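The values are calculated or read from the model by the stated rules, or taken from the named source; none is laboratory data. Everything numeric here is computed off the predicted structure, so don't read it as measured data. FYI the Cβ positions are ideal-geometry reconstructions off the backbone, even for glycines, and counts take in every protein chain you see.
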Amino acid sequence: MKGEGQGSDAEKAWVLLAEPDQKLAATVGAELQSSGLAWRRVSTSDEAFLELNFGEFAAALFDSEMPGRPVLDVVEMLRRRNLSTPILLFSGDADSRSRIRAYEKGVDNVVQKPCSPSELSAHLKALLRRRTGTLPWVRAVEDLEIDFSGRRVFRGGQEIALTPREFGILEYLLRNQGKAVSFEALAQEVWHQPERAKTISNVVRVHMASLRKKVDHGRHVKLLHTMRGYGFVLRSDSH
């Protein structure tokens, strides 16, 4: 496998740039190359599908406006084939609804156009660093969208301002989505004070009440639920 603009090096991690703009791809590729990464460019979604099926890539960039089959359909097909390669979508349509749809299809992160080549390269390198992590960069539950990198939360497309402690609670509940989380677990994982597990429950309740008000108040679908005498759970009751 040989990337445009550099020689083959089997020892390097390869990044696929599925980008019809040759100049943009070359600039992003140069940024990646300076960090010791190899890269290859394709210009259509069909070529990207073939490359990711038969090649070994550490990450991939998809331009949403590539010729060929719809990009999100290609991503969905790749995920159905159990492809685990992190995928970054470069899109001019990055409103909340569009981002959520992209994440549901299997995209790991969405970057909105216009964006500088250096920023695109930085996003790709961040995906590579997160490859061994337990959570994708962004997760969506119903219309709740959580950006772990930027530590930002949106519901219904509107940003919710959370305190660091509230974000920590929400992040831990999401890691255990659908499972009851005890006061003791929150004391250890969010407050980092396991010795206060028996006395901190009232403090946890106060923060949780504030978090629930911000996330669920006025919403038809409630996501944060109390498990009486035990703790809390994050789940959707829409079904």
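Here the helices (runs of 4 or more DSSP H) wholly within the range 148-236 that include at least 1 residues being within 24 Å of TYR103 (Cβ to Cβ) are 164-175, 201-216. Of the set (1) surrounded by 14 or more Cβ atoms within 10 Å (Cβ to Cβ); (2) within 17 Å of GLU19 (Cα to Cα); (3) at pLDDT 85 or above, all apply to ASP93 but (3).
Assess whether ARG175 counts as being surrounded by fewer than 15 Cβ atoms within 10 Å (Cβ to Cβ), touching a residue at least 40 places away in the same chain (Cβ under 8 Å) and either more than 21 Å from the chain's Cα centre (by Cα) or farther than 23 Å from VAL110 by Cα (or both). Judged against the criteria, ARG175 is not a match. Considered as a group, the residues in the range 21-39 that are over 12 Å from LEU124 (Cα atoms) and touching a strand residue (DSSP E or B) at 6+ places or on another chain (Cβ under 6 Å) include one that is surrounded by the most Cβ atoms within 10 Å (Cβ to Cβ), and that residue is ALA25. Among residues of the range 155-169 that are surrounded by 12 or more Cβ atoms within 10 Å (Cβ to Cβ), those with a beta-carbon under 6 Å from a residue that is modelled with pLDDT of 85 or more and among the aliphatic types (A, V, I, L, M) at least six positions away or on a different chain give the pairs ARG155/LEU144; ILE160/VAL153; LEU162/VAL153; GLU166/LEU211; ILE169/LEU211. When restricted to residues that are at pLDDT below 85 and surrounded by fewer than 16 Cβ atoms within 10 Å (Cβ to Cβ), the range 178-195 contains 4.
It is to be established whether one or more residues within the range 206-222 are modelled with pLDDT under 85 and either surrounded by fewer than 18 Cβ atoms within 10 Å (Cβ to Cβ) or outside the structural domain of LEU37 (by TED's automatic domain parsing) (or both). The answer is no; no qualifying residue exists.
Which one is nearest to PHE154 (Cα to Cα) among residues in the range 56-107 that are free of Cβ contacts under 8 Å to residues at least 24 places away in the same chain and assigned to a loop (DSSP other than H, G, I, E, B)? So, considering only residues that are free of Cβ contacts under 8 Å to residues at least 24 places away in the same chain and assigned to a loop (DSSP other than H, G, I, E, B), the one nearest to PHE154 (Cα to Cα) is ALA94. Among the residues of the range 46-91, those that are of a type in the set (Ser, Thr, Tyr) and more than 18 Å from TRP14 (Cα to Cα) comprise SER64, SER91.
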